[in-house]
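As structure tokens, the structure follows; a few thoughts come after it.
The values are calculated or read from the model by the stated rules, or taken from the named source; none is laboratory data. Everything numeric here is computed off the predicted structure, so don't read it as measured data. Cβ coordinates were reconstructed from backbone atoms using ideal geometry, including for glycine residues, and neighbour counts include every protein chain displayed. For accessibility, only protein heavy atoms count, side chains too; no ligands or nucleic acids. Shrake-Rupley method; radii C 1.70, N 1.55, O 1.52, S 1.80 Å.
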Amino acid sequence: MKSIVIFNNKGGVGKTTLLCNIASYLALKKGKKVLVIDADPQCNATSYMFTLEQLEDIYKRENTLVKVIQPVQKGKGYIQGNFPIEKSNTFGVDVVPGDTKLSLAEDFLSKDWLDGKSGDARGLQTTFVFKDLLLKLEDQYDYIFFDVGPSLGALNRAVLVASDLFIVPMSSDIFSLRAIENISKSMSDWKGQLQRGLSDYCDKEDELFILNNNEVKWNLEFIGYIAQQYTAKTNDGVKRPVNAYEKIIKKIPTVIEKHLVADNSKIEHIKLGEIPNLNSLVPLSQSSNTPIFILKSEHGVVGAHFNKVREYEDIISSIVVKLEENITLL
């Protein structure tokens, strides 16, 4: 099982739409067992993959990611069974629904991080709350995806600390480029602080910090980026970004390689793909709670948009192929 975060410190890059469609393609087209964990307090992934009636039922039962955090917050240890998992039939994936209450966990997670990086057992337990969840679910899924907000706060840090891989979606603007340096610096700082905390814990307790018979440590690796939301034109039968976007897109590989690609990285495809502006397909997909690549006339697709749907499926298919090839090289 691989756990993957799709993350950028810059908001508005199409992160949630991308994540849900990659996860759904792996499930529906590749036959993989996939779980999406919505760790974004805005709950965009949850609202995308479920109808309003389903959402009302989920929140009436309070079957959300908050159930995973609450036991640790109350000093009762990690969640034991009865995981808050729902099924999105249209996307073909299981989902741990998000909750606006997740934003209330920031202070708690931040405080315990300070203790954890000093080797405190309780602080480390809180820091690895999502790692515990992943270890308990790893035999049930091929892939677990985390959707997160665009912040570098304590909640996202807890997700990234727990995960194996991260993908960076890049919109074609200067702010996405500038965000990469923020991500690099933060992750470098977090890795160093976590390693010191685990080392101090070992010195204090004369044992390694263990979860479910596994030694825990920083495992996070960059697995590729995806350029999105550019306007394309066709020259000699080939679609290319218009000049204004192309200038920025050309800078992305250099910035990514400088800040995110480790010297010993084995991945072959630093760029996993490019997704042009999809115009009305995204709102059609959202309003029908259906992946873009299986949209039909019953969802409001008409005329030339059918070609756009097929084009998008080809793009997502290519991205998934490159993603899986990169994973096999790690």
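Mind pulling the per residue volume of the convex hull built on the Cα atoms of the stretch 1-156? Å³ is fine.
Values: hull volume 17.0 nm³, N = 156.
Enclosed volume per residue, from the Cα hull, is 109 Å³.
Can you give the angle from 0 to 90° between the axis of helix 174-205 and the longest principal axis of the chain, with both taken from C-alpha atoms, to the nearest 10?
So the inclination is approximately 20 degrees.
Once phi is turned into θ = phi - 60°, what whole-Hz ³J(HN,Hα) does the Karplus curve with 6.51, -1.76 and 1.60 give for every residue of the stretch 151-165, x standing for Gly and Pro?
8, 10, x, 5, 5, 5, 4, 4, 5, 5, 4, 7, 9, 8, 9
Which ³J(HN,Hα) values, rounded to whole Hz and listed in residue order, are derived for the stretch 53-61 from phi using the Karplus coefficients 6.51, -1.76 and 1.60 in 6.51 cos²θ - 1.76 cosθ + 1.60 with θ = phi - 60°, glycine and proline given as x?
5, 5, 4, 4, 5, 4, 6, 5, 7
Once you sort the root eigenvalues of the Cα gyration tensor of the stretch 1-44 as a ≥ b ≥ c, which label holds: rounded (a/c under 1.5), prolate (a/b larger than b/c) or oblate (the other case)? Each step should come with its number before you reach the end.
Values: a/c = 2.15, a/b = 1.84, b/c = 1.17.
Verdict is prolate for the stretch 1-44.
Given the DSSP H assignment, sum -39500 (n - 2.57) over each helix run of at least 4 residues in the chain and divide by its residue total; what's the result at 222 nm in deg cm²/dmol, nearest 500? Walk me through the intermediate numbers first.
Values: 12 runs with 155 residues, N = 330.
After summing the helix terms and dividing by residue count, I get -15000 deg cm²/dmol.
Can you list the lysines whose alpha carbon sits under 18 Å from that of LYS250, skipping same-chain ones fewer than 8 residues off?
LYS233, LYS239, LYS258, LYS271
Ranking request for peptides 186-192, 125-131: highest mean number of other beta-carbon atoms within 10 Å first, then the rest in descending order. Show your work: numbers first, answer last.
On the way: 186-192: 15.1, 125-131: 23.1.
Top of the packing list down: 125-131, 186-192.
Could you work out what % of the accessible surface of the chain is carbon and sulfur, using a 1.4 angstrom probe and leaving DNA, RNA and ligands out of the count?
Numbers: 6760 of 14820 Å².
Percent of accessible area from carbon and sulfur atoms in the chain: 46.
Check LYS271: other-chain or 5+ apart residues with amide H under 5 Å from its amide H, H built from backbone geometry?
Distant-sequence amide H within range of LYS271: TYR225.
Which links in LYS117/LYS266; LYS33/LYS87; LYS67/LYS87; LYS60/LYS136; LYS185/LYS247; LYS74/LYS111 stretch past 20 Å when you go from one Cα to the other? Write out the running numbers ahead of the final one.
Values: LYS117/LYS266 29 Å; LYS33/LYS87 12 Å; LYS67/LYS87 17 Å; LYS60/LYS136 26 Å; LYS185/LYS247 25 Å; LYS74/LYS111 14 Å.
Correct reply: LYS117/LYS266; LYS60/LYS136; LYS185/LYS247.
Residue-wise, which Karplus ³J(HN,Hα) couplings in Hz belong to the stretch 97-107, taking 6.51 cos²θ - 1.76 cosθ + 1.60, θ = phi - 60°, and x for glycine or proline?
Along the stretch 97-107, the couplings run x, x, 7, 4, 5, 4, 5, 6, 7, 4, 5 Hz.
What are the residues whose amide H is under 5 Å from the amide H of ILE37, where those residues sit 5 or more places off or on another chain and H is modelled from the backbone?
VAL96, PHE145, PHE146, ASP147
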